[in-house]
Structures are given as structure tokens and as C-alpha cells.
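To start, the structure under review is shown below, and the notes come after it.
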Amino acid sequence: MSPTGPDVIVVGAGPAGAATAILLAEHGLHALVLERLGLEPLLDLGLRLGEGTGAALALPLVRSSIAILTDMATFDAAGVDGPAAAVAPRLAAGDA
């Protein structure tokens, strides 16, 4: 196991997930089994194609989330005073 966490994350603790975790442990790797932690997958589409397909579909969602967290400007950085600043001119003009 790496000092920062598990070597592998297994989504689902059914027969395949449990067998995978056991096999990994036999080879000296530490697997985190999400189902036992009560965590939910990012996408649950019921595709029945395997966890790899779900992971491939979730990757753009994860990348977009990272971009929003790291690259999106704050209200202060964008020069926005907040929601009231956008609504106040319309209220004054009677457009609300």
C-alpha cells in the first residue's frame, strides 16, 4: 500500500469485487472496496458492462469538476459584487 492510500479502488463488493480485492491482497496490494464503506459511485447507469465502462464515462465529469475547482474565478476575482449587484439595476428599472 502506498503511504497516501490504497493501491486500487474496487467499486462493488459482490462476488467479482470481493474476488478482485482478495487477489490483489494476495499480490501485496491494498484494495479499497467502496461498497463496504457505504459510498456511491459517481455514475450508476445500470449498463451492466463492468466498472471500467462506468469509469470511462465518469472521467469527463471528474475532469470538469477539477477544472471548476482550480480554474474558475471567484466573485471577487471576476469583479462581481454578488447576486444583488445583478438584480438591483433591473429592480430599479421595474423589470423584475
- Message: It is to be established whether one or more residues within segment 73-91 are part of a helix (DSSP H, G or I), modelled with pLDDT of 80 or more and surrounded by 10 or more Cβ atoms within 10 Å (Cβ to Cβ).
- Response: no
- Query: Can you name the residue in segment 6-33 that is under 23 Å from the mean Cα position of the chain (by Cα) and part of a loop (DSSP other than H, G, I, E, B) and is also surrounded by the most Cβ atoms within 10 Å (Cβ to Cβ) among such residues?
  - Reply: Val11
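The values are calculated or read from the model by the stated rules, or taken from the named source; none is laboratory data. Nothing here was measured: the structure is a model prediction, and the numbers come from that model. Please note: Cβ atoms are built from the backbone with ideal geometry, for glycine as well, and neighbour counts cover all protein chains shown.
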